[in-house]
Amino acid sequence: MALSTSHALRRLGLGGAPGEAATVAADPYGWLWRQTTHAPKAPDPEPLRRTMRAFQATTRAPTQKARQAAMRAYFRDIRPKLRQSLDTSFVQGAQSDIPFVERMVWFWTNHFTVSAKGKARVLPFIGSYVDDAIRPHALGKFGDMLVAVAQHPAMLIYLDNTISIGPNSRAGQRNGRDLNENLARELLELHTVGVGGGYNQKDVVELAKLLTGWTVPLGPKAPQTDSAFLFVRRQHEPGDKTVMGKSYAAGRVAGEQALQDLAARPETAKFLGRKLARHFIDNDPPAAAVHHISSRYLESGGDLRRTAEALIEAASLVAAHVRPKFTTPMDHLAAAVRGLGAGIVGPNGVQATLAAFGQAPFLAGSPAGYPDATADWATPDSLTRRLEWAVTAAETAVVTDHPLAQAQAIFGDDLSPRTADAIASAENPTESLALLLAAPELLWK
Amino acid sequence: MTLMSSRRDILKAGATALVGAATPGLALARMPGEQRFVFILLRGGMDGLAVVPPLGDPDYARQRGGLALKAGQGAAPLMGPFALHPAMPEALAMYQARQLAVIHAVAPPHRTRSHFDAQNVLEGGGVRAFQRKDGWLNRALAAAGAELGGGLAIASAMPLAMRGAKPVASWAPRQAPALADGFQERLARMYADDPILSAALDRGLTIKASAEGGMAGKMRPVRALSLAANARLAADFLRRQNGPRVAMLDGGQWDTHVGQGTLQGRMPRLLTDLDNAFAALKSGLDAHWRQTVVVAVTEFGRTVRPNGGNGTDHGFGSAAFVLGGAVRGGRVVADWPGLSDRALFEGRDLMATMDMRRVLKGLLQDHLKLASAKLDHDVFPDSGGVRPLDGLIRG
């Protein structure tokens, strides 16, 4: 049995744009595969530099009071701009020409979760995080993505590496400061080999030592620099370290090597393979699918383009065993935008709408990010919120075409008679559109 | 959980939150006249036979069966065979004061049982669905020019009738989104094959109802019926010297397929809301009521005989109300076709004997003084053969 149009479009892609279902139906495999040949644009370093300069300026004020005032003013200024730009990024992403690649960017962004929840200082760096650390590597090497993420100010601030000081470093000895294990732990537990991936507490500590000195140039004493990443040797723990059986000398490059080594481990291949299969194929993926993806990852040295190919192949391989998956709020909203345009989001904007659904972007409660399984999202409360949104969005959208025609254009042959009937028999155009937004075809992927 | 702040908050803040193009009534070269015009579209297909039952029609009781009103149940006699449902005392008072007229057996010029198509025809002013991308009321505003002043729609998105070249404002009533009865029913049907969605829907709605039923101060009431509240709002705007002269209101939930009710239940609740809306306009417009015309129409009526769910399905002819201080009321205007089996449209619906455009043209011509050439060509394209209904306006 071949890969179904619906699986390709909705679970590997982001839903159907009008008329897209027909295109994909002709060759779902080819449609996906062609997207993996996309050549990513080189990232633009300027936005991060600008953010860095502006943020640095607030931290340089001479007194504590002045710094606090400057910080407040800065956040007052950027919050609405940030909300706007994240909303725009979401809409653009949802309408991407290469939705499979875009979905992978979203997947990796959740895999490498950063959150501003309770940590406002992460906020200014979020835009750059996706554009500079994740997106350029989505079809590149996982190891490179890992290093880029671990050296990005968003992650360094989020997981407290800026305050992790080698106890035997000059700074450590002077101030009695110590390690913070947060980043190291999550790198092992969530990002690479995974829980049960064969590491122990000692490995966590050793990795943390390796990463000391990896920080952000902020604060009154920080050097004037355009770079967003700073390696501060006086904070770096001297001496050799051993992580999962491999030895490393002191220094920044050793830390980068350690991350590349973690990326290349079979445990990482297995962990990532399982996660990819769960997200893109099935909540409980057949072992054959996981194995297919993991082995390709491993033999290609963590090449994500090759891994993406394996993912498509695996999806085809086990097509007969694939069961419906309930959409996450992001899936649902993205599919609505892709099918009906940016105007469908409603009066509250993307951020607030997704927050009301329980999936506030970049505000996850833990570094594990947002879950993926049907059981997590197909709950009564979750559904009620989606329905309330459907009503609100339908009331404020301008209905330019019969929602039934729109449903046919978006879902193609997947449009069920029941859904078509409900939409057609609605009392007025608004209710018709609300039913489309609440349709099982949009709630399941 | 809240997606929008309540209307009360917005009004408290003094914000008028006008969404859409121009603020009505300002920056006009000439002061507008004092005529007000309110267009109410009752979406869903209002059952004209329930609102203005022809009790004196020999076939009424037999055809309507369980939905028939009987003598002594409080329906007030109007004229001829017609009576008014007891849930509309304000309308009755206006009728008796000759400020309200009923038009019966009327429908837009397109026989369709699709809400969407029928509303589109009614609002577009054409004869086929999706013939027009703008609405007759917008074109009327354009034809009237500065004398008429601006238009206002009380709606979240601009309804088709008010869309077009002339800038019109809209004010979105803000309240917590209601999951109205009709919507819930259709959702349940749409999810019927899906055990997970069905269960989640059922449970979710139960929780929502109990959470909001028990609300004291924290959560907003979820009211599916709010035409009266919107009417009050419209009146607020319309009575201002610098405000709009023309308003459109949207009513919903008239699609009574199941459990329509006669003296109790959904239909009487809807009629109470409509009655309150009429009263709200009258009291809100105050001194301006003398020069006001309100017209309330629906896209089609409903089947004469009840269906298996004690409700009715989509029909054809229905009733309309024309009311206001400027109206020559106290009568029922109808070319009554009767309810015999032969007289019914397709053996099931009240036949429509009047094109709704006749009513609208009559009001625009006599109340707003629009020229017949403009009515025949611009406002209702190619309607030269559709004669305006005379005599609806006093003087």
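Only the coordinates and a few stated rules stand behind these numbers; no lab work does. Just so we're clear, the structure is a prediction, and the values are computed from it rather than from any experiment. Positions of Cβ are generated from backbone atoms using ideal geometry, with glycine treated the same way; all protein chains shown enter the neighbour counts.
Using helices alone, I'd like the mean residue ellipticity at 222 nm for chain A: each DSSP H run of four-plus residues gives -39500 (n - 2.57), total over residue count, nearest 500. Write down the numbers at each step before the final one.
Working: 22 runs with 235 residues, N = 445.
The helix contribution divided over chain A gives -16000 deg cm²/dmol.
Can you give the average number of partner chain beta-carbon atoms within 10 Å of each beta-carbon in peptide B:253-265, as a whole number? Numbers along the way, then the final one.
Values: counts 3, 2, 5, 0, 2, 0, 0, 0, 0, 0, 0, 0, 0.
Mean shielding by partner chains, rounded to a whole number: 1.
Using only Cα atoms and rounding to the nearest 10 degrees, what angle (0 to 90) does helix A:46-59 make with the longest principal axis of chain A?
Here the helix axis deviates by roughly 50 degrees.
Counting Lys and Arg as +1 and Asp and Glu as -1, each charge on the Cβ, what is the dipole of the protein assembly as shown about the Cα centre in debye, to the nearest 20? Let's see the in-between values first.
On the way: 95 positive and 77 negative charges, 552 e Å.
Using only the charged Cβ atoms, the result is roughly 2640 debye.
Gain in length, A:GLU46 to A:ARG79, computed as 0.36 nm per residue apart minus the alpha-carbon separation, to one decimal in nm? Write down the numbers at each step before the final one.
Working: separation 33, 0.36 × 33 = 11.88 nm, distance 1.96 nm.
Contour length minus the Cα-Cα distance gives 9.9 nm.
Please build a GNM for chain A, connecting alpha carbons under 10 Å apart, and tell me which residue among A:ALA336, A:ALA133, A:ALA26 fluctuates the most.
Of A:ALA336, A:ALA133, A:ALA26, the Gaussian network model singles out A:ALA26 as fluctuating most.
Over what distance in Å are the Cα centres of the range A:370-390 and the range A:157-215 separated?
36
Based on the Cβ-Cβ distance of B:ARG203 and A:ASP421, what FRET efficiency does E = 1/(1 + (r/R0)^6) give at R0 = 25 Å, to the nearest 0.05?
Numbers: r = 24 Å, r/R0 = 0.96.
Rounded to the nearest 0.05, the efficiency is 0.55.
Please give the charge dipole size of the range B:236-395, origin at the Cα centre, charges +1 on K and R Cβ atoms and -1 on D and E Cβ atoms. Round to the nearest 20 debye.
560
Sorted from largest down, what three extents in whole angstroms do the Cα atoms of chain A have along their principal axes?
Between the extreme Cα coordinates on each principal axis of chain A lie 75, 52, 38 Å.
Neighbour counts of other C-beta atoms within 10 Å: give me A:LEU276, A:LEU139 arranged from fewest to most.
Arranged by neighbour count, lowest to highest, A:LEU276, A:LEU139 become A:LEU139, A:LEU276.
Take B:LYS133 and B:GLN241, extend 7 Å from each Cα along the Cα→Cβ direction, and tell me the distance between the two endpoints in nm.
Those two pseudo-labels are separated by 4.0 nm.
Classify the range B:68-194 as rounded, prolate or oblate from the Cα gyration tensor: take a ≥ b ≥ c as the square roots of its eigenvalues, call it rounded if a/c is under 1.5, otherwise prolate when a/b beats b/c and oblate if not.
Details: a/c = 1.70, a/b = 1.16, b/c = 1.47.
Here the range B:68-194 falls in the oblate category.
What lysines could a cross-link reach from B:LYS361, if we take a straight Cα to Cα line under 28 Å and drop same-chain neighbours fewer than 8 places away?
B:LYS361 reaches B:LYS133, B:LYS166, B:LYS282, B:LYS369, B:LYS374.
Using only the alpha-carbon atoms of the range A:223-314, report the extent along each of the three principal axes, biggest first, to the nearest angstrom.
49, 34, 22 Å, listed from the longest principal axis down.
Quick one: angle between helix A:99-111 and the longest Cα principal axis of chain A, in degrees between 0 and 90, rounded to 10, please.
40
Per residue of B:128-138, what is the mean number of Cβ atoms on other protein chains within 10 angstrom of that residue's Cβ? Can you show the working numbers first?
On the way: counts 0, 1, 2, 0, 0, 1, 0, 0, 0, 0, 0.
Mean inter-chain Cβ contacts per residue within 10 Å come to 0.
R0 = 41 Å: FRET efficiency of A:THR37 with A:ALA70, Cβ-based, nearest 0.05? List each step's numbers first, then the result.
On the way: r = 47 Å, r/R0 = 1.15.
Rounded to the nearest 0.05, the efficiency is 0.30.
Which order do the peptides B:260-268, A:432-440 come out in when sorted by mean C-beta neighbours inside 10 angstrom, highest first? Present the calculation step by step, with values, prior to reporting the outcome.
Details: B:260-268: 17.7, A:432-440: 26.6.
So the order, starting with the most tightly packed, is A:432-440, B:260-268.
Kirkwood hydrodynamic radius for the protein assembly as shown: how many Å is it when counted over pairs of different Cα atoms? Working shown, then result.
Values: mean 1/r = 0.0330 Å⁻¹.
Averaging 1/r across every pair of different Cα atoms and inverting gives 30.3 Å.
Using Cα centres only, tell me the gap between the range A:399-445 and the range B:110-134 in whole Å.
Cα centres, the range A:399-445 to the range B:110-134: 19 Å.
Cut-off under 27 Å on the C-alpha distance; same-chain residues fewer than 8 positions from A:LYS41 excluded. Which lysines are left, in chain and number order?
A:LYS81, A:LYS141, A:LYS275
Any idea which of B:VAL322, B:GLY347, B:PRO337 is furthest toward the positive side of the dipole for the range B:280-358, if Lys and Arg beta-carbons carry +1 and Asp and Glu beta-carbons -1?
B:VAL322
Between the range A:258-319 and the range B:320-395, what is the separation of their alpha carbon centroids in Å?
Cα centroid of the range A:258-319 versus Cα centroid of the range B:320-395: 70 Å apart.
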